[in-house]
Amino acid sequence: MSIIEHVKTCVIDDDETFVYHTAEQSTSLIFNSIYVLVGVSFDGKNYVSPDTLTSDEKVNTSAQISGFLLYLYLWVRSDWILSSNGSVLWKY
């Protein structure tokens, strides 16, 4: 079973969400418990469904998701220390 197939069999915990915020873009991405994007905020207050984004907003959001996935990848690697903006501070 692939990772994708396995994730699709998981029970989604609607009470557990993860927020990835980028200060330089003023964008917040909200993911559910299996890291599916469920909301986006461009002002930190109003969240919208990813399905309602314009083409330009989708391009911006895609770039932010790429940054989040890199951050997540480095986070799960125990030998990386990250700064608050996601840049690598130290690898030991």
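The values are calculated or read from the model by the stated rules, or taken from the named source; none is laboratory data. All values derive from a computational prediction rather than experimental measurement. All Cβ positions, glycine included, derive from the backbone under ideal geometry; neighbour counts span all protein chains shown.
Observations
Condition check ((1) in a loop (DSSP other than H, G, I, E, B); (2) at pLDDT below 80; (3) exposed (fewer than 12 other Cβ atoms within 10 Å of the Cβ)) across all residues:
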{"residue": "Val11", "(1), (2), (3)": "yes, yes, yes"}
{"residue": "Asp15", "(1), (2), (3)": "yes, yes, yes"}
{"residue": "His21", "(1), (2), (3)": "no, no, no"}
{"residue": "Ser28", "(1), (2), (3)": "no, no, no"}
{"residue": "Ser33", "(1), (2), (3)": "yes, yes, no"}
{"residue": "Val40", "(1), (2), (3)": "no, no, no"}
{"residue": "Asp43", "(1), (2), (3)": "yes, no, yes"}
{"residue": "Asp51", "(1), (2), (3)": "no, no, yes"}
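- Hey, Gly44 of a type in the set (Gly, Ala, Ser) and within 12 Å of the chain's Cα centre (by Cα) or not: no
- Pair list, Cβ < 6 Å and 6+ apart or interchain, from the range 23-49 residues that are under 19 Å from Val11 (Cβ atoms) to residues that are at pLDDT 85 or above and outside any strand (DSSP E or B): Leu37/Pro50
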